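Asks: What follows is a single structure, and I will ask about it in a moment.
Computed from the coordinates by the stated procedures, all read-outs in this text should not be read as laboratory data. Keep in mind it's a predicted model, so treat the numbers as computed, not measured. A quick note on method: Cβ atoms are made from the backbone with ideal geometry, for glycine too, and the neighbour counts reach across all protein chains shown.
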Amino acid sequence: MIAQVLLNGLLLGGLYACIAAGFSLLWGVMNVINLLHGTLVVLGGYLAWMAFHFLGVHPLVALPAVAFLVGMFGASLQVAVLGWVVGAPVLVTLVITFGLDLITRNGLLLGFGADFRTIRPSWTLGTAEVGGLKIPLDRTIAASAALAMTLALYLLLRRSWLGRAIIAVRMDRDAAALMGVRVRHAFVAAFALSAALAGAAGALLGLVFPISPLQSDGYLGTAFTVCVLGGLGSVVGAVVGGVVLGLAESIAGFMLGAENASIVSFVLLILLLAMRPEGLLGRKGYA
Amino acid sequence: MRQPWAVGFAAGAAALGAALALLYWGGTYELRLGTILAMYIALASGWNLIGGMAGYPSFATAAFFGLGAYAGALTQVKGVPMVFAWTFAAVVAGTVALAIGWIVLRLRGHYFAIASFAVVIVLREIATNWTDLTGGGMGVSLPMLQLSMLAQARLFFSAQAVLAALAVAICLFVAYSKLGFALGCIRQNESAAGMLGLDARRAKTAAFCISSAIMGAAGAIYASSIFYIDPSDVFDILLSIKPIIMTMLGGGGTVAGPILGAALFMILEQTVWANFLSVHAAILGALVVVIAMFLPRGLFGRRLRPRLA
């Protein structure tokens, strides 16, 4: 039973890591907390649902297209709105992303209504049993795909020219500009990557949970908590934080009942913020 | 403005006259609008203490509004008279703010903003799940009053208007007191203020408590006036955002800014509500984006003196 709870927590944690990695990237690079992030996850879920419902495409197959579309949406927001207020006070960027969130959410509600949508592919892998442990295979694949994408982000930031440019902008905007990095472009790329990861996570979550516009707050809260748990702006931190939160919610849900799981994570968030605002890993650099 | 005090007195007298005229001649609809406006002024002025004067980006308004609403509603259900229930709600909100402020006010910038957000969500979840006390998602129904609709509308308008006047008076008092000076120092450079021997912790905790008590009272009066509350209504995160927008619109850190901003926001909101019901959230969002992008210091921010009007 304990092993089952831990396994569920781990699988949840993989998806959380994917949501939080993009959120953390944007927060770290642009110093913007993107209140739209939860809604981008839901948007990804809806795109996957549309692909499945109208075209009969499995979410895992539609994943790259969904990520691309949501990423483009994020990039266009950066170009049209957020690019104009780079370096503005915290309150201004927070309020702007909240406004964008209201608009996007209203759009989703008009387009899809408040009902839950589910994606049920005709072929599922079912569950495998290993020594009394039930392993839901679809969920495992979703979590692995999420982790794989998070790893891809890590490699991109580490190895590619684009990634190094983004990191350079994060470290010192002026110095990066002097070295020939186009700061504006780096911001747009960071927003696109962040949104693409959120959209992809949404498509994967669509395989596991029903999709509804009402969930975006929950995903946003998850992204916050994971970032604070793992420390800001590091992909490794997002993975560690995601897994810790997944385990914590799973254990809390098991011991206190599912309805109290979210209180546990938010209380955890406030306490952590109060005691270790630099995160559990506690390093302010970037990796 | 050469004589801010004269202008201030004139504006105050005009507001008093308008309120009395509304009480005498207004129908229930006009009185409702007046009640909402007064509540907005109270919330914006309350937020201004911590968000405008001290420069702390607090999103906790909805938390203390909801807490006050529940504290007031539950004591009223127990049979406590309305005015005492409202006072009790203000005390509860202020006391809880003291405890929460002790934790979250040591954070700055984004971290403070997030923690204040989380406070709203934690309180909402507690209200939803502590079914024995709060009735959970079913909400709380308050005792009905044996009064005509018009008399009720007048009563609740008066209550919110008195609270709004009180909130503005507190802002005025704080702006000209040592506390206001301390908050201004904190906004400009907290580390430097601390170095000069200013007890920043005490000043911002005081501002946070006073502001939360105002929000709690506003929530309690709101609960009494609509007779039914549930967690998603009184812990609505929009309640945190609107006072910020109003204060931004009018000019943060000034006493008159939140009042002007609340009035202007109210006009915009009512126009949008009346004409574009299904997309009103989107239009509100667009409004919010435009205000924050182009008017971060407010319409009147440059013309108003930093302290008074």
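Asks: Kindly list the residues of region A:108-150 that lie in the label zone of A:Ala3, defined by a backbone N under 17 Å from the point 7 Å along the Cα-to-C-beta vector.
Replies: From region A:108-150, the list is A:127-137.
Asks: Moving on. Per 0.36 nm of contour for each residue apart, how much would the distance between B:Ala169 and B:Val91 grow if the chain were fully extended, relative to their Cα-Cα spacing? Write down the numbers at each step before the final one.
Replies: Details: separation 78, 0.36 × 78 = 28.08 nm, distance 1.83 nm.
Length gained, B:Ala169 through B:Val91: 26.3 nm.
Asks: Right, here's the next one. Using only the Cα atoms of the protein assembly as shown, build the gyration tensor, take square roots of its eigenvalues as a ≥ b ≥ c, and label the shape rounded, prolate or oblate: rounded if a/c is under 1.5, else prolate if a/b is larger than b/c, else oblate.
Replies: Prolate.
Asks: Now, a different point. Return the sequence-ordered ³J(HN,Hα) values of region A:179-189 in whole Hz as given by the Karplus equation 6.51 cos²θ - 1.76 cosθ + 1.60 applied to θ = phi - 60°, using x for Gly and Pro.
Replies: Result, rounded to whole Hz: 7, x, 7, 7, 4, 4, 5, 4, 4, 4, 4.
Asks: Based on other C-beta atoms within 10 Å, arrange B:His110, A:His53, A:His37 from fewest to most.
Replies: The order, fewest Cβ neighbours first, is A:His53, B:His110, A:His37.
Asks: Next question. Grab the DSSP H runs of chain B that are 4 residues or longer, score each as -39,500 (n - 2.57), total them, divide by all residues and round the 222 nm result to the nearest 500 deg cm²/dmol. Intermediate results must be reported in sequence, preceding the final value.
Replies: Numbers: 13 runs with 231 residues, N = 309.
After summing the helix terms and dividing by the residues of chain B, the value is -25500 deg cm²/dmol.
Asks: Taking Cα centroids, how far is region B:15-88 from region B:251-274 in Å?
Replies: Answer, in whole Å: 15.
Asks: While we're looking at this one, here's another question. Going by amide H atoms built from the backbone, whose H comes under 5 Å of the H on A:Val57, apart from near neighbours?
Replies: When sequence neighbours closer than 5 places are left aside, the close amide H contacts are A:Phe52.
Asks: OK, next. Through the Karplus equation 6.51 cos²θ - 1.76 cosθ + 1.60, θ set to phi - 60°, convert the phi angles of region A:23-29 into ³J(HN,Hα) values in whole Hz; use x for Gly and Pro.
Replies: Result, rounded to whole Hz: 4, 5, 4, 5, 4, x, 7.
Asks: I've got another one for you. Just check region B:1-144 against the gyration tensor rule for me: Cα atoms, a ≥ b ≥ c as the square roots of the eigenvalues, rounded for a/c under 1.5, and otherwise prolate or oblate depending on whether a/b exceeds b/c.
Replies: Cα axes put region B:1-144 in the oblate bin.
Asks: Using the Karplus curve 6.51 cos²θ - 1.76 cosθ + 1.60 with θ = phi - 60°, work out ³J(HN,Hα) for each residue of region B:200-213 in order, rounded to whole Hz, and write x for Gly and Pro.
Replies: Working through the residues one at a time gives 4, 4, 5, 5, 6, 5, 4, 4, 4, 5, 4, 5, 5, 5 Hz.
Asks: Let me ask something else. Rank the residues B:Glu190, B:Glu30 as a footprinting-exposure proxy: fewest other Cβ atoms within 10 Å of their Cβ go first.
Replies: B:Glu30, B:Glu190
Asks: Return B:Tyr29, A:Tyr16 ranked ascending by Cβ neighbour count within 10 Å, so the fewest neighbours appear first.
Replies: In order of increasing Cβ crowding within 10 Å: B:Tyr29, A:Tyr16.
Asks: Can you tell me the length gained on complete extension of the stretch A:Phe209 to A:Leu110, counting 0.36 nm per residue apart and subtracting the Cα distance?
Replies: Numbers: separation 99, 0.36 × 99 = 35.64 nm, distance 2.12 nm.
Value of the extension gain: 33.5 nm.
Asks: So, one more: Calculated from DSSP H runs of 4 or more alone, at -39500 (n - 2.57) each and per residue, what is the 222 nm mean residue ellipticity of chain A, nearest 500?
Replies: -25000 deg cm²/dmol
Asks: Would you mind pulling out the separation of the Cα centroids of region A:148-191 and region B:117-190, in Å?
Replies: That distance is 45 Å.
Asks: How far apart, in nanometres, would the label points at B:Asp236 and B:Trp102 be if each is projected 7 angstrom from Cα along the Cα-to-Cβ direction?
Replies: Distance between label points: 3.4 nm.
Asks: Scan around B:Gly253 for amide H atoms under 5 Å from its own, H built in the peptide plane at 1.01 Å from N, and keep only partners 5 or more places away or cross-chain.
Replies: B:Gly52, B:Met53
Asks: Okay, moving on. Enter the mean number of other protein chain beta carbons within 10 Å of the beta carbon of each residue in B:118-128, as an integer.
Replies: 5
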